[in-house]
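Encoded as C-alpha cells, the structure appears first; notes follow it.
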Amino acid sequence: MEYLSQEDLESRTRDIITNMMTLSDKGQISLHGLNDVGEYWMIKWTHVLEEFQIRYGPYPNGFTNGFLKKASIVNPSFPSPPKAKDAIEKIGGIPDGALFKFGKAEHLDDMYRKGSIRIAPASYYDDPSLNSAIRDDELSFTVQAKPESVQIKNNKGDEIKPKGNVSFTIESTTNYYVSCFAQKYTFREYDDFEADACIVIREPGIFIERMIHSLEAGVSDFTGYAAPVKYIDPLVAKSKDVEVFISKHFRYAYQNEFRIIWLPEKQVKKLDALFINIGSMEDYSDIIHV
C-alpha cells in the first residue's frame with residue numbers, strides 16, 4: 001500500500017469496511033465471526049491501520065476528513081429484526097445449497113411464475129445510472145504490481161525504474177451474456193440492491209440447466225456455463241490469477257455472487273439485452289417479499 005495515493009488508500013479502506021460489516025439477526029451492525037471470512041477482513045483492516053499509522057501518525061490521524069461516510073455500510077434495523085429475516089423465516093429459513101435472486105417484485109414475480117428472464121450483456125453493467133452495488137466493468141480487471149517486482153526496458157534495452165505501482169489490465173476480447181445471483185442470504189442484500197423481493201432457488205441444478213439451454217436454443221453460437229465469482233485483491237494478485245469472466249474486485253465480496261455466463265463462438269463487441277423463458281419456477285423455488 002505504500003505507493004497508493006491518498007485517494008486510492010481511502011477507497012481501499014472503504015472497501016474493507018464495507019466487507020467487514022454485517023447485519024445481525026437482531027438488526028445490529030456487526031462483524032463476521034471467528035471464521036475464515038472474518039479473519040481475512042480483519043487482517044486487511046489491520047494492514048490498512050498500519051499504513052495510516054506510517055503515513056499520518058496515531059489514530060484518528062488520517063481518518064478525520066470524513067471519507068468513511070462514503071462506505072456502503074449495512075443499515076441497522078434494531079430494535080426491530082431485519083425484514084430480510086422475517087421474510088426468509090416464512091418459508092422455513094435459509095435452505096442449504098440454494099441460490100438467491102434479489103430484485104424488484106414487479107420483475108421477479110414474472111420470472112418466478114412465468115419464467116420470463118431478462119439477460120443483459122456484460123457491457124450493460126458499466127452504466128453510471130446503476131447503483132454502486134451493481135455497477136462494475138465486467139469486461140476488464142486491473143491488478144497492480146510493486147515497482148521492484150517489475151522490469152521495464154525501453155527500445156534500446158535500457159531499464160526504466162517505475163516510481164509507483166505498475167498497473168496491468170486484463171481485458172476480455174469479447175462481450176458476453178451474464179446473469180447474476182447470490183450464493184448466500186445475509187440480511188443486507190435488499191438494501192444493497194434496492195430490492196423488495198427475492199427468489200429462493202432451492203434446486204439450482206434444475207434452474208441452471210434450463211437457463212443455459214434456453215439461451216443456447218434461442219441464440220446461435222453461444223455456449224453457457226455457471227461458476228462462482230472469484231474475488232481478487234488487486235494489490236496482491238498477479239495477472240495470471242485473473243479469469244476476466246468470473247473475477248471481480250474484492251470490494252464486491254460481500255455479495256457472494258454466482259453467475260451464469262454465455263460466451264460467443266466469435267468475438268462480438270455489441271450485444272443487446274434479450275429475454276428467455278424457462279417456464280414456471282414454482283416447483284423448485286420460492287419467492288419472498290419485504
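The values are calculated or read from the model by the stated rules, or taken from the named source; none is laboratory data. Remember, it's a predicted structure, so these values are computed and weren't measured experimentally. Glycine also receives a Cβ, built like all others from the backbone with ideal geometry; neighbour counts cover every protein chain displayed. Only protein heavy atoms, including side chains, enter the accessible area calculation; ligands, DNA and RNA are left aside. Shrake-Rupley method; radii C 1.70, N 1.55, O 1.52, S 1.80 Å.
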Here the residues within the stretch 218-263 that are part of a strand (DSSP E or B) and aromatic (Phe, Trp, Tyr) are PHE222, TYR225, TYR231, PHE258, TRP262
Quick one: count up the residues across the stretch 92-118 that are touching a helix residue (DSSP H, G or I) at 6+ places or on another chain (Cβ under 6 Å) and under 20 Å from ILE278 (Cβ atoms). 4
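Being open to solvent by less than 20 Å² (accessible area, probe 1.4 Å) and closer than 30 Å to GLN28 by Cβ, is that true of even one residue in the stretch 219-230? If you could, list the steps in order and put the result at the bottom.
Step one: list which residues in the stretch 219-230 are open to solvent by less than 20 Å² (accessible area, probe 1.4 Å), which gives 224, 227, 229.
Within this subset, residues satisfying the condition of being closer than 30 Å to GLN28 by Cβ are 229.
Taking every residue of the stretch 219-230 in turn, at least one turns out to be open to solvent by less than 20 Å² (accessible area, probe 1.4 Å) and closer than 30 Å to GLN28 by Cβ.
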Members of the stretch 1-47 that are among the charged types (D, E, K, R), over 14 Å from ALA253 (Cα atoms) and crowded, with 19+ Cβ neighbours inside 10 Å: GLU10
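Please indicate, with yes or no, whether at least one residue in the stretch 121-129 is over 23 Å from the mean Cα position of the chain (by Cα) and closer than 22 Å to TYR254 by Cα.
Taking the stretch 121-129 and keeping what is over 23 Å from the mean Cα position of the chain (by Cα), we get none.
There is no residue in the stretch 121-129 that is over 23 Å from the mean Cα position of the chain (by Cα) and closer than 22 Å to TYR254 by Cα.
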Going through the stretch 25-39 one residue at a time, which ones are outside any loop (DSSP other than H, G, I, E, B) and over 12 Å from ARG188 (Cα atoms)? LEU31, ASP36, VAL37, GLY38, GLU39
Any chance you could count how many residues in the stretch 74-103 are surrounded by 11 or more Cβ atoms within 10 Å (Cβ to Cβ) and without any contact (Cβ under 8 Å) to a residue 12 or more places away in the chain? 1
May I ask you to list the residues in the stretch 259-290 that are open to solvent by 20 Å² or more (accessible area, probe 1.4 Å), small (Gly, Ala, Ser) and within 27 Å of TYR231 (Cβ to Cβ)? ALA273
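Considering only residues that are touching a residue at least 40 places away in the same chain (Cβ under 8 Å) and part of a loop (DSSP other than H, G, I, E, B), look in the stretch 128-162 and name the one that is surrounded by the fewest Cβ atoms within 10 Å (Cβ to Cβ).
Initially, the stretch 128-162 is screened for residues touching a residue at least 40 places away in the same chain (Cβ under 8 Å), giving 131-134, 136, 138-147.
Filter once more, keeping what is part of a loop (DSSP other than H, G, I, E, B): 131-134, 136, 138-139, 146.
Values: ASN131: 10, SER132: 12, ALA133: 20, ILE134: 16, ASP136: 17, GLU138: 24, LEU139: 20, LYS146: 13.
Applying the filter and picking the extreme gives ASN131.
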Does the stretch 219-252 hold any residues that are in contact (Cβ under 8 Å) with a residue 60 or more places away in the chain and within 12 Å of the chain's Cα centre (by Cα), and which are they? ILE232, SER247, LYS248, HIS249, PHE250, ARG251, TYR252
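In the set ILE212, ILE199, which member is free of Cβ contacts under 8 Å to residues at least 60 places away in the same chain and either open to solvent by 30 Å² or more (accessible area, probe 1.4 Å) or under 27 Å from ILE278 (Cα atoms) (or both)? It would help to see each step written out before you state the result.
On the way: ILE199 fails: free of Cβ contacts under 8 Å to residues at least 60 places away in the same chain.
Matching residue, one of ILE212, ILE199: ILE212.
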Within the stretch 180-189, is there a residue that is among the aromatic types (Phe, Trp, Tyr) and within 21 Å of ASP126 (Cβ to Cβ)? yes
Which numbered condition in (1) among the acidic types (Asp, Glu); (2) in contact with a strand residue (DSSP E or B) (Cβ under 9 Å, 6 or more places away or on another chain); (3) open to solvent by 60 Å² or more (accessible area, probe 1.4 Å) is the only one that ASP192 fails? (3)
Check on GLU50, exposed (fewer than 12 other Cβ atoms within 10 Å of the Cβ), assigned to a helix (DSSP H, G or I), out of contact with any helix residue (DSSP H, G or I) (no Cβ under 8 Å at 6 or more places or on another chain) and among the acidic types (Asp, Glu): yes
Could you please find all residues in the stretch 61-84 being more than 20 Å from ALA195 (Cα to Cα) and outside any loop (DSSP other than H, G, I, E, B)? PHE67, LEU68, LYS69, LYS70
Pair list, Cβ under 6 Å, 6 or more apart: the stretch 62-73 residue closer than 16 Å to TRP45 by Cα, other residue open to solvent by 60 Å² or more (accessible area, probe 1.4 Å): GLY62/TYR56
